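Novice: Would you mind keeping the following structure in view while I ask a few things?
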Amino acid sequence: MVNTVLIVLAILAIMAVVLAIKKQARVTRSLSADEQFQNARVLEESSKRMDLTVAEALAEKARDPRLATMTQEDLAYEVLKECFDPEIPLNIVDLGLIYDVKVNPDNVAVKITMTSPACPSHVQIGEDIKVKLSDAGFPEPRVEVVWEPAWSPQRISEAGRKALGI
């Protein structure tokens, strides 16, 4: 009796899934081969334009005369300005998440905090820091998340406050 009930419930569950898939198939339209080709072409063109824009921005930064007089730590901070908290439209330097940067011959150590201990983006931000610093030529980036002193909105830079309209 119990086995029969379980089998009937399993069959009903499978039927429900099949019906849901059929219903979704009617809602989600498949693209024709021409539409797929067009989408691929647009994506390729957009990617090329984005690459050119990024390359132009990097070249412009490279021509900045301030770079010649900056310390390694200052250069690291400039790189970290390219890292963003995905929940707040502001870079992590201006947001006040960076507590310390030490550039050593064999590594670069970055101490950061989050806006909250429950921040779901801490892993993503840490990985972004490592990638950006590595791509900029800094050796073996290490990220340490610290909670003292606690982050507060007072840590947002003047440029960050202006960008956020505060």
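The values are calculated or read from the model by the stated rules, or taken from the named source; none is laboratory data. These numbers were taken from a predicted model, which means no experiment stands behind them. All Cβ positions, glycine included, derive from the backbone under ideal geometry; neighbour counts span all protein chains shown. The area values use the complete protein model at the heavy-atom level, side chains included, leaving out ligands, DNA and RNA. Shrake-Rupley method; radii C 1.70, N 1.55, O 1.52, S 1.80 Å.
Novice: Counting helices only, and only those DSSP H runs with n ≥ 4, report the 222 nm mean residue ellipticity of the chain as the sum of -39,500 (n - 2.57) divided by its residues, in deg cm²/dmol to the nearest 500.
Specialist: Theoretical 222 nm ellipticity from helices: -17500 deg cm²/dmol.
Novice: Here is a further query. Express the relative contact order of region 77-151 as a whole percentage, based on alpha carbon pairs under 8 Å and six or more residues apart in sequence.
Specialist: 33 percent
Novice: Moving on. Please give the length that would be gained between residue 109 and residue 56 if that part of the chain were fully extended, namely 0.36 nm times their separation in residues minus their C-alpha to C-alpha distance (nm, one decimal).
Specialist: Result for the pair: 16.2 nm of gain on full extension.
Novice: By how many nm would the segment from residue 124 to residue 10 grow when fully extended, if each residue of separation counts as 0.36 nm and the alpha-carbon distance is taken off?
Specialist: Result for the pair: 37.1 nm of gain on full extension.
Novice: Can you tally the net charge around residue 149? Count Lys and Arg as +1, Asp and Glu as -1, for every other residue whose Cβ sits under 13 Å from the Cβ of residue 149.
Specialist: Around residue 149, the surrounding residues sum to 0.
Novice: Determine which aspartates and glutamates satisfy two conditions relative to residue 48: a Cα distance under 19 Å, and not lying fewer than 8 residues away in the same chain.
Specialist: Qualifying aspartates and glutamates at Cα under 19 Å: 56, 60.
Novice: What aspartates and glutamates does residue 81 reach when the alpha-carbon gap must be under 12 Å and sequence neighbours fewer than 8 apart in one chain are set aside?
Specialist: 94, 128
Novice: Considering only protein heavy atoms, what per residue accessible area in square angstrom results for region 73-166 with a 1.4 angstrom probe?
Specialist: Result: 55 Å² per residue.
Novice: Right, next: Give me, ordered by chain and number, the residues 5 or more places off residue 115 or on other chains with an amide H under 5 Å from its own placed amide H.
Specialist: HN-HN under 5 Å from residue 115: empty list.
Novice: Here is a further query. If I compute solvent accessible area with a 1.4 Å probe over the protein chains, what percent of it on the chain is carbon and sulfur?
Specialist: Ligands and nucleic acids excluded, carbon and sulfur give 62 percent.
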